[in-house]
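All remarks here apply to the structure that follows.
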Amino acid sequence: MTLAELVKDVMARIAEESGAYFDEDTIKRWLNEGERVIVRQTRILQDIAETHSIKGRAEYPLPRWFWMPRLVMYDDDVLKPIDVERMVREKNSGTPTYYAVWRNSLWIHPAPSESMKLVRAFFYAWPRGMVEDTDRPDIPEAFHGLLVTWAAYRAKQADQAVAEAQALLSEFQQGIMEIVRATAEDHAQGHIVREVWQPEGLF
């Protein structure tokens, strides 16, 4: 579903088709908020960022939708997490065996002594956000209806319709549990739902 279609469904759900009470910008904000809540509670979005090492360079930018690492590899080797302070203290080069995430960058340690080795970060991702009417949610389409439920819940909450808001929240939470069950196998297999991201401007 597109953002425009989702807004229309929300208006129908809360009987505000005219848009006179809750404007479209507010509903769009709730829809984006709902997607982030779903992702935070289910970790349904996973992605890969990859680039090639540069001799002596330890820092590699991550995409803005990076949330938390799941697995980091240097060629065929799995890197272990390291404390940033320790990494800063031990300034040397060689074959990286550790990694750290700091200020939306991936740091590998020690700094690589070779160039053109593959660096890959498998990570849990945030949704990139919907702005244009033609934008679509990043979560699978089967779960788009939950965004409508969340936005309707926020509308009823704002309208102080406590009983209706609680019913919608319960419906949303049931949907969250369905996502967790439906994606458990994908998580076990390391399923990736988006494309590989390759940073620009490193060479």
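What to note about this one:
- Helical content of the chain, expressed as a calculated mean residue ellipticity at 222 nm, amounts to -13000 deg cm²/dmol (DSSP H runs of 4 or more residues, -39,500 (n - 2.57) each, divided by residue number, nearest 500).
- In the elastic network of the chain, a GNM with C-alpha springs shorter than 10 Å, the most mobile of A15, A165, A49 is A15.
- Stretched out straight at 0.36 nm per residue, the stretch from R128 to T95 would grow longer than its current Cα-Cα span by 8.5 nm.
- Extended-chain gain in nm, criterion 0.36 nm per residue less alpha-carbon gap, Q160 and R36: 42.3 nm
- Computed over segment 83-144, the range of Cα coordinates on each principal axis works out to 49, 26, 20 Å, biggest value leading.
- Here the translational diffusion coefficient of segment 18-169 follows from Stokes-Einstein with Rh set to the Kirkwood radius across Cα pairs; for 20 °C and 1.002 mPa s it amounts to 119 µm²/s.
- The distance between label points at L71 and A184 comes to 2.1 nm (points 7 Å beyond Cα on the Cα→Cβ vector).
- Segment 62-115 - share of DSSP beta bridges that are antiparallel (%, nearest 5): 65 percent
- Given their separation in residues at 0.36 nm each and the Cα-Cα distance between them, V88 and A142 gain 14.9 nm when the chain is fully extended.
Every read-out reported here was derived from the displayed coordinates using simple, explicitly stated rules and does not represent laboratory data. What you are looking at is a predicted structure, and each value in this text was computed from that prediction instead of being measured. Cβ coordinates were reconstructed from backbone atoms using ideal geometry, including for glycine residues, and neighbour counts include every protein chain displayed.
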